Amino acid sequence: MRTIWLDGAQWLAVLRIGLGLWWLESWRHKDKKGWFERGTGIAWAADVAGKHRWPVIGAGFRTIVAPRPKAMAYVVVYAELALGLGLVSGFLTPVALVAGLLLNLLYLVLMIHDWAEQGQNAMMALISLVALFAMSWQTWSLDHAIGLFL
């Protein structure tokens with residue numbers, strides 16, 4: 001592959017690292033006090049799920065999330081941090097890419113009626129797919145340095 005400046009594997013690493021920075025920004029801008037102490041994030045999601053056009057979304061939310069709102073708040077917030085750190089450092093990269101793809105798809109389905117948020121989730125999911133199938137951990141990653149996922 002001919003490119004300007006970097007080679008193809010390095011551009012894929014740039015894409016992976018950029019996606020990781022995007023996840024870190026998502027984590028950084030969250031009001032953690034609101035999520036953990038006041039339950040604002042899960043309360044917002046409950047409202048969205050309760051009004052969702054697909055009844056299975058509301059039922060799934062009531063079954064999985066509603067019984068444990070505090071734990072789920074920590075799962076969501078720290079999943080975004082873990083994804084960001086994993087992608088930027090290139091540690092357990094395929095795991096982080098699959099987990100990030102699933103989280104973006106979950107966000108996409110939850111917010112199916114609000115297209116204002118869908119561009120971000122769709123782009124992050126697409127980047128995850130490209131980075132995963134192009135094996136973006138081959139350059140500038142801890143995975144490559146320690147010989148994981150060769």
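The values are calculated or read from the model by the stated rules, or taken from the named source; none is laboratory data. Everything numeric in this text was worked out from a predicted model, so none of it was measured. For neighbour counting, all protein chains shown are included, and Cβ atoms are generated from backbone atoms with ideal geometry for every residue, glycine included. Surface accessibility is based on the protein's heavy atoms, side chains included, excluding ligands, DNA and RNA. Shrake-Rupley method; radii C 1.70, N 1.55, O 1.52, S 1.80 Å.
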- Degrees between helix 118-133 axis and first principal axis of the chain (Cα, 0 to 90, nearest 10): 40 degrees
- Message: Using the Cα atoms of the chain, I'd like the radius of gyration and the largest Cα-Cα distance, Dmax, both in angstrom.
- Response: 17.0, 53
- Only Lys, Arg (+1) and Asp, Glu (-1) charged, at Cβ; the chain dipole about Cα centre in debye: 380 debye
- Item | For the stretch 96-107, 3J(HN,Hα) per residue [Karplus equation, 6.51 cos²θ - 1.76 cosθ + 1.60, θ = phi - 60°, Hz, x = Gly/Pro] | 5, 5, 5, 4, x, 4, 5, 5, 5, 5, 4, 4
- ALA59 to LEU85: FRET efficiency via 1/(1 + (r/R0)^6), r the Cβ-Cβ distance, R0 35 Å, to the nearest 0.05? 0.60
- Item | Accessible surface of the stretch 1-94 [probe 1.4 Å, protein heavy atoms]: carbon and sulfur percent | 68 percent
- Message: If you average the alpha carbon positions of the stretch 122-150 and of the stretch 59-84, how far apart do those two centres end up, in angstrom?
- Response: 25 Å
- With a 1.4 Å probe and every protein chain left in place, work out the accessible area per residue of the stretch 85-150 in Å², rounded to a whole number. 53 Å²
- Per-residue [θ]222 nm for the chain (sum of -39500 (n - 2.57) over DSSP H runs n ≥ 4, rounded to 500): -21000 deg cm²/dmol
- Mind checking the full-extension length gain between LEU142 and TRP44? Use 0.36 nm per residue of separation minus the Cα-Cα distance, one decimal, nm. 31.6 nm
- Along the stretch 14-22, Karplus-curve 3J(HN,Hα) (6.51, -1.76, 1.60; θ = phi - 60°) to the nearest Hz, with x for Gly and Pro, reads 4, 4, 4, 5, x, 5, x, 5, 5
- Message: Tell me the per residue accessible area of the stretch 18-76 using a 1.4 Å probe; a whole number in Å² is fine.
- Response: 62 Å²
- Item | Mean Cβ neighbour count within 10 Å, used as a protection proxy, ranking 7-18, 87-98 highest first | 87-98, 7-18
